[in-house]
Amino acid sequence: MTRLRTAAALLSAAGLGLLAACGDTPGPAPLTGSTGMQISQVAREQPAAGAPTGDVADGIAAFGHELLEQLPPGENVVVSPASIGTAFAMLRPGAAGTTAAEIDDVLHFPADGLGPAYNALTRSWQTGEPTSKSAPELAVANALWAQEGLPLEGDYLDAVKRDFGAGVATVDFTQPSAQEQINDWVKEQTRDRIDKLFDDLRPDTKLVLANAVYLKATWETEFDPNETYDADFFVDGDRPVQAATMHTNTAYDFARGNGWRAVRLPYAESDMSMWLLLPDAGTEMSPVDLLDPTLLAQAREDATGQDVQLSLPTWDFQSDLPLAGTLQDMGMRQAFTGAADFSALSSTALFVSDVVHRADITVDEKGTKAAAVTGIAMDESAAPAPTGVEMTVDRPFAFAIVDDTTGAPLFEGVVHDPTA
């Protein structure tokens, strides 16, 4: 049994915008919680031993698969379950009652230790500054922007400071400069792969929480550009398109199951890699089926070193996904209604009005770059294996970038048409 090293295109920026119409906006004033303290950019605390990182990683995997099952089939899609999970984990200390219970159920959050677990996980994902040209860069950052004068609970401020290192900056959301400041932060944290968090921020926005992740990683064994040429890729099983396809004969970890095969492509100088999961020709399995956490765990456990003759298309696409309706269909209902209970966050009544997730990924001969943005807007509560194997990836397939220590999927998706 081989313990695999995986975790590559984590890239994501997750943002939560909380809105409320509270009448006239007061003049500039420092942001204070019930304790009267002010917080700017801060360093988070070292998490205590024993945080339920395994439970959280399993929850990220379960949520990611369930989310992909809800999305329209037959399209390219890339999402960051880790990003969405981190965004809601930052919001979760402010929720109470049924609102909190439904968030926990949909995101598969543990009953206790959520903040320390995300603190430990996000620390483990980060690489720090690259130490060489081929070393990966994986960075995670969190921040909050609050409307001038918004009262925030001191316990909530303590939680996001302690577990997410998220400082709070005061802004005036009635002015365009507030959105510009947030977008500048997003662009900086994602190295310009994502240029905005929200299309438009409502002038009655009260709070925005943002999580950003950036990944750049080169393959341990790069593909030879001279071996990249157009080849048939069969969209919908029988409709060929000409896709730029990379070719190599390299030793990889390879697994085969009932109706599928999988290969692990490691990144240089890291404990990260990308899994490619391909349904067998003629099988009724869909690429999304292959991202079932149980199946992915089986691939990781069963994989052994093989000489793999791999043909893999390059791809470069972005997904823009409105998730408010999807999350409600998955069971997160009260948070989107006037009955939402975010009293542990603020004495101002808030509810989730919209959730948007944007993500993009580029895979080529050198490696992977990816980014994602999740926006959660909130408004006033008055509103509603053989030796020597071949794997020709010439039909729709799934990919997953996983933290190998815990199995948490940092990035995953489906490629139906690499030329789209």
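Read-outs: derived from the displayed coordinates by stated rules, not from any lab. None of the values given here were measured: they were computed from a predicted structure. Neighbour counts are summed over all protein chains in view; Cβ atoms, including those assigned to glycine, are modelled from backbone coordinates with ideal geometry.
Taken about its Cα centre, the chain carries a charge dipole of about 820 debye when Lys and Arg each add +1 at the Cβ and Asp and Glu each add -1 at the Cβ. For residue 172 and residue 347, a Förster radius of 22 Å and the Cβ-Cβ distance give a FRET efficiency of 0.65, rounded to the nearest 0.05. Fewest neighbouring Cβ atoms within 10 Å first, the residues 276, 265, 67 line up as 276, 67, 265.
Residue exposure proxy: 416, 247, ordered by other Cβ atoms within 10 angstrom of their Cβ from fewest to most, comes out as 247, 416.
The DSSP beta bridges internal to the range 145-244 are antiparallel in roughly 75% of cases. A cut-off under 9 angstrom between Cβ atoms defines the neighbours of residue 234, and their net charge, with Lys, Arg +1 and Asp, Glu -1, is -2. Near residue 171: Cβ cut-off under 14 Å, other residues only, Lys/Arg at +1 and Asp/Glu at -1. The net charge is -3. For the range 218-316, a/c is not less than 1.5, where a ≥ b ≥ c are the root eigenvalues of the C-alpha gyration tensor, and a/b does not top b/c. That puts it in the oblate class. When 42, 373 are arranged by Cβ crowding within 10 Å, least crowded first, meaning fewest neighbours, the order is 42, 373. Taking the Cα centre of the range 234-385 as reference, the dipole from Cβ charges on Lys and Arg (+1) and Asp and Glu (-1) amounts to some 120 debye.
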